[in-house]
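Here the structure is laid out as structure tokens; the discussion comes afterwards.
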Amino acid sequence: MMRAKDLGFRADGSIKMEAEKTSTRQGTTLNADSTDVALFVRTSDEEIQKWDKKRIYETLIRETDIHNDAAVIIAIEVEKLISNLQIECLTAPLIRELTNAKLVEYGLERIRRQHTRLGVPLYDVKNMIFNANKENANVPHGPEATNMRLAEQIKKDYALIEIFPQEISDAHMRGDIHLHDLGMIDRPYCGGQSIEYVKKFGLSLPNALSIAKPAKHPEVLIEQIIKFSAALQGHFAGAIGWDAFNLFLAPYLEGIDETRLKQLAQILIFEFAQQAVARGGQSIFSDLNIYWEIPKHFLEVPAIGPEGKFTGNTYEDYIEESQKFACALFKVYQEGDAQGRPFFFPKPNVHITERFFSTDDHDEFLY
């Protein structure tokens, strides 16, 4: 017969035994000190299964670095505890909590950390469902936003326990440092994109049921870019930025009058702003990078036009169309939405170089 008080555990999860014990060539067996626990367990897989302490052993072996004999002993000890407590409703989370308590009791803190369960208290889930998020003004209140908040909370816990060393995690929790977007620990932060890719290859999104060819018309190209942005938001934590947007769109704008230019600008801004269907029910966190002059690195770049074909010109040849569209964009920004409110997204980022101040009409553009 083996008794808990006869055992000594090492930090690595192995054991030191000081008394005679029931064992095999592989070590301690689950038959030692067995009890008759006639219980059923509500599992995390939404099933009800008959109690079997072997599941504790198997879980510890699968999820941690614990020694085989130590896992057997912990499983036996947890079964005894459950039997003595006479618990009526046994759940998988409760079993894990009791197992972790035993691991702590035997000084196996590292094993306990490996075995810990990530989740959200019932009170917090209820609060998320019924109350709006006060931490992020960009996230509206609704079922999709609740899903995102729950997922982020679990990933935050994962990051602080598994990814960062304890001293870094503790510094974050004390407020000495700030680890940004912990709830998106598995994503890069921002993504700088070029519409040249969409112009050249059209729209082929992961898991999409249909594929679009390169656009022939500016309206179609704009819609493809917005759809692509919504898909990209599912893979990045921060903004989806589009470089030199007015410049790369310019080959599609030849011969278009100011009325239609403004309509295109409205389509672009309103569609981006109203895409509250992406990650967490948010609007797409997006940036439009605008150039008034042609930056040096784009001066001799061959221009791609409708249907993804090269036009035979460079982007410098489309400076007039590019500037007209930039002006149309800012007219829409200045007017605001249907109620005169400003557009928070897409954010316009105007790039100004030394050459800007020597170009025609630059002061009018700034005004």
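The values are calculated or read from the model by the stated rules, or taken from the named source; none is laboratory data. Just so we're clear, the structure is a prediction, and the values are computed from it rather than from any experiment. Because the Cβ atoms are built from the backbone with ideal geometry, glycine has one as well, and the counts that use them run over all protein chains shown.
Points worth noting:
- Hey, F164 modelled with pLDDT of 90 or more, of a type outside the set (S, T, N, Q) and either in the same structural domain as G238 (by TED's automatic domain parsing) or in contact with a His (Cβ under 8 Å, 6 or more places away or on another chain) (or both) or not: yes
- Here I240 passes the criteria (1) at pLDDT 90 or above; (2) surrounded by fewer than 19 Cβ atoms within 10 Å (Cβ to Cβ); (3) aliphatic (A, V, I, L, M); (4) within 31 Å of the chain's Cα centre (by Cα) except the one numbered (2).
- Annotation: L203 fulfils all but one of (1) in the same structural domain as N289 (by TED's automatic domain parsing); (2) surrounded by fewer than 17 Cβ atoms within 10 Å (Cβ to Cβ); the unmet one is (2).
- Any chance T116 is within 28 Å of E152 (Cα to Cα), over 25 Å from the mean Cα position of the chain (by Cα) and surrounded by 13 or more Cβ atoms within 10 Å (Cβ to Cβ): no
- Hits in segment 110-142 (condition: touching a residue at least 60 places away in the same chain (Cβ under 8 Å) and either of a type outside the set (S, T, N, Q) or in contact with a helix residue (DSSP H, G or I) (Cβ under 6 Å, 6 or more places away or on another chain) (or both)): R110, I111, V139, P140, G142
- Residues within segment 281-315 that are part of a helix (DSSP H, G or I) and touching a strand residue (DSSP E or B) at 6+ places or on another chain (Cβ under 9 Å), tallied: 2
- In segment 259-270, the condition of being in contact with an Asp or Glu (Cβ under 6 Å, 6 or more places away or on another chain), assigned by TED's automatic domain parsing to the domain that holds S322 and modelled with pLDDT of 95 or more is met by no residue.
- Candidates in segment 328-339 are the residues that are part of a helix (DSSP H, G or I) and touching a residue at least 60 places away in the same chain (Cβ under 8 Å); of these, the one that is surrounded by the fewest Cβ atoms within 10 Å (Cβ to Cβ) is K331.
- Qualifying position, being surrounded by 15 or more Cβ atoms within 10 Å (Cβ to Cβ), modelled with pLDDT of 95 or more, in contact with a helix residue (DSSP H, G or I) (Cβ under 6 Å, 6 or more places away or on another chain) and under 21 Å from G192 (Cβ atoms), among F325, F345, F298: F325
- Listed conditions (1) surrounded by 17 or more Cβ atoms within 10 Å (Cβ to Cβ); (2) free of Cβ contacts under 8 Å to residues at least 24 places away in the same chain are all met by I168, apart from (1).
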